[in-house]
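The next block holds one structure in the form of C-alpha cells; read it before the comments.
The values are calculated or read from the model by the stated rules, or taken from the named source; none is laboratory data. Quantities reported herein were computed from a predicted structural model and do not represent experimental measurements. Note: ideal-geometry Cβ built from the backbone for every residue, glycine included; neighbour counts use all protein chains shown. Side chains included, ligands, DNA and RNA excluded: accessible areas come from the protein's heavy atoms. Shrake-Rupley method; radii C 1.70, N 1.55, O 1.52, S 1.80 Å.
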Amino acid sequence: MNKKDAIEILRKEVEIPDAVREKADAALAQIQSSRAGQRGKVLPYNQASRPRKRSRKRVVLISAAAVASLFALTGAAAVYRNWSRSLSEGLHVSEEQKQELESNQMAAFAEQSCTDNGITVTAQQSITDNYYSHLSFKVEGYDLEEGAEPAFETISITVDGRDDFSWSGSFYNGVISDEYGRPALADGSSWESLETDENGVLIQPSYVMKDGSLEFQVTLAKTDEKGFFLNKPVHVELTNLGTVARAEYSPVLEGSWTFDWNLQGSGEAKEYDLNVPLGDSGAAVTHAEISPISLTAEYQFPRQEITDQYTDENGEIQEYTLYEEPPALMGVRLKDGTSYPYLYMGPGSMGYKDESSDTYVYSFAIDRVLDPEQVECLLFLKEVPEGDGALEEASFYEVPLQ
C-alpha cells in the first residue's frame with residue numbers, strides 16, 4: 001500500500017457498513033507505508049454511542065491491560081530495571097526519557113509472573129497517560145517454530161471492572177518505525193536485507209529474543225473518558241499459546257496466565273487553546289493536548305454530508321452517507337527543527353464528540369516518546385503528492401503552539 005492509499009483509508013474511518021469497515025481496519029493495520037509487525041486500529045471517537053463488535057478470540061489483538069507498576073524509580077540516580085525491548089526500542093526511548101517517565105510515574109513496573117504448563121508469563125511494564133496505556137509481557141519457555149508468528153488464543157482484560165475500551169497488540173519482532181513512519185529494524189540492519197519466501201512474501205524477523213524469550217505488547221485506548229486508565233485495578237487473563245498465519249490461529253499448547261494489579265500512570269501533558277483555521281478546509285483547530293505518548297486535537301468543523309459507494313459480498317454496488325473529514329493530524333515539528341510527519345502508531349479515534357456537536361476530535365498513540373515541551377507546531381495533512389511521492393513541507397498545514 002502506498003502512502004496515498006493509507007491516508008485515504010484513514011480519512012474514511014467512520015460509521016459505515018461492516019464490509020467497508022473490515023477492509024478499512026485491515027488496511028489501517030499497515031498505516032503509512034505498511035508497517036510490518038505493528039498493528040493499529042482507528043475507531044470512532046464516541047465509542048459509547050456506536051455499536052462495536054468484540055471477539056474474545058481475535059487472534060493476538062484482543063485487549064489486555066497488562067503491565068502496571070507497583071513502584072516508580074525517581075531521581076537522577078534511578079536504575080532502569082525491567083524496561084522491555086518492545087517498549088524501549090519500539091518507542092525510541094532514550095535514557096533521559098526513561099528517567100523522566102519513571103519520575104512522573106508514567107512508566108511503571110508490575111513484575112508479576114505466572115507459570116502454567118511450563119510457560120512463564122511476566123507482566124513487565126506499562127506506560128500510561130490520559131487516554132492510552134502501553135503494556136508488555138515477557139513469555140519464557142515457549143519453543144516457537146522457526147518462521148512462525150506466536151499468538152495467544154484468547155486475551156481478556158477489565159479495568160476497574162469495565163472493558164469498554166479499544167486495543168491493539170502484537171508480539172514484538174524488532175520491527176520499529178523510522179522518523180518518516182517507515183518500517184525499520186531496531187538492530188540497525190537494513191530493511192532490504194530481509195528475505196522473501198517462495199511466494200514473494202516478506203519473511204518477518206524472528207520473534208525470539210537472544211535469551212529465548214518473547215515479548216507481547218498491547219496498547220489500550222479510551223479517548224472519550226480522560227484519565228480512564230490512571231490508578232485503576234486491572235485484571236488480565238491470557239489463555240493458550242499457538243501460532244497465527246493469515247489471521248487463522250493454530251493451537252500449540254494449553255495454559256492460563258492471570259494477573260491483577262493497580263495500573264499506574266500520569267496525566268501530565270501540554271494543553272493549548274487555539275483558534276487556527278486550516279486553509280480553506282472549513283476546519284479550525286481549537287484545542288491540542290500533547291503527552292509523551294499521544295497526540296489529541298479538537299477542531300470546529302461544521303458537518304458536511306457526502307455519499308460514497310462500496311461493493312457488498314454479492315458484488316453489488318451499495319451507497320452510504322457519511323460526513324466529510326477535516327485535515328488529518330499527522331505529526332509534529334520540534335523547536336530544534338526536527339520534523340516527524342508520520343507519528344501514528346495506533347490505536348486511535350476520530351469523529352464528532354456527539355451526535356449534535358460540530359466539535360471533531362482526532363487522537364492517537366504515537367510511535368515514539370516525545371518531550372511535549374519541545375513541540376513547536378502540529379502538522380495536519382493538506383494534500384497528498386501524486387503517485388508514491390513523499391510528503392513535503394508544502395503537504396501540511398502547520399499549527400504553531402503558543
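Inclusion of TYR340 among residues that are under 22 Å from TYR131 (Cβ atoms), aromatic (Phe, Trp, Tyr), open to solvent by 10 Å² or more (accessible area, probe 1.4 Å) and out of contact with any Phe, Trp or Tyr (no Cβ under 7 Å at 6 or more places or on another chain) is warranted. The residues of the stretch 359-373 that are farther than 26 Å from VAL175 by Cβ and either small (Gly, Ala, Ser) or part of a helix (DSSP H, G or I) (or both), listed by number, are PRO372, GLU373. Examine the stretch 318-335 for a residue that is of a type in the set (Ser, Thr, Tyr), farther than 30 Å from GLN402 by Cβ and assigned to a strand (DSSP E or B), and state whether such a residue exists. Checking the stretch 318-335: at least one residue is of a type in the set (Ser, Thr, Tyr), farther than 30 Å from GLN402 by Cβ and assigned to a strand (DSSP E or B). Every test in (1) under 30 Å from VAL201 (Cα atoms); (2) open to solvent by 40 Å² or more (accessible area, probe 1.4 Å) is passed by THR115 save one, and that test is (1).
Within the stretch 343-365, being over 17 Å from HIS134 (Cα atoms), open to solvent by less than 10 Å² (accessible area, probe 1.4 Å) and small (Gly, Ala, Ser) holds for one residue alone: GLY351. Flag set for GLN124, criterion: crowded, with 20+ Cβ neighbours inside 10 Å, over 15 Å from the mean Cα position of the chain (by Cα) and under 30 Å from VAL252 (Cβ atoms). You will find that of THR321, THR307, THR311, the residue that is touching a helix residue (DSSP H, G or I) at 6+ places or on another chain (Cβ under 9 Å) and open to solvent by 50 Å² or more (accessible area, probe 1.4 Å) is THR311 and no other.
Do we have ALA269 as open to solvent by less than 30 Å² (accessible area, probe 1.4 Å) and closer than 22 Å to VAL361 by Cβ here? Taking the combined requirement at face value, the residue does not satisfy it. Cβ-Cβ contacts under 6 Å between residues 6 or more apart (or on different chains), taken from a first residue in the stretch 376-392 that is at pLDDT below 80 to a second residue that is open to solvent by less than 100 Å² (accessible area, probe 1.4 Å) and not aliphatic (A, V, I, L, M), are listed as ASP388/ASN2; LEU391/PRO341.
Within the stretch 281-304, the set of residues being open to solvent by 10 Å² or more (accessible area, probe 1.4 Å) and of a type in the set (A, V, I, L, M, F, W, C) comprises ALA284 only. Taking the listed residues GLY265, GLY279, the one that is over 23 Å from the mean Cα position of the chain (by Cα), in a loop (DSSP other than H, G, I, E, B) and closer than 30 Å to ASP371 by Cα is GLY279, with no other qualifying. Among the residues of the stretch 211-244, none is identified as surrounded by fewer than 17 Cβ atoms within 10 Å (Cβ to Cβ), more than 22 Å from the chain's Cα centre (by Cα) and either of a type in the set (Val, Ile, Thr) or within 16 Å of TRP167 (Cα to Cα) (or both).
Of the set (1) within 24 Å of ALA390 (Cα to Cα); (2) touching a Gly at 6+ places or on another chain (Cβ under 8 Å), all apply to GLY337 but (2). Residues that are at negative phi and in contact with a Lys or Arg (Cβ under 9 Å, 6 or more places away or on another chain) within the stretch 327-348 comprise PRO327, ALA328, SER339, TYR340, PRO341, TYR342, LEU343, MET345, PRO347, GLY348, listed in sequence order. The set of residues in the stretch 303-317 that are within 28 Å of the chain's Cα centre (by Cα) and in a loop (DSSP other than H, G, I, E, B) contains only ARG303.
What do you reckon, is ARG368 in contact (Cβ under 8 Å) with a residue 60 or more places away in the chain, open to solvent by 30 Å² or more (accessible area, probe 1.4 Å), in contact with an Asp or Glu (Cβ under 9 Å, 6 or more places away or on another chain) and closer than 24 Å to GLN99 by Cα? Taking the combined requirement at face value, the residue does not satisfy it.
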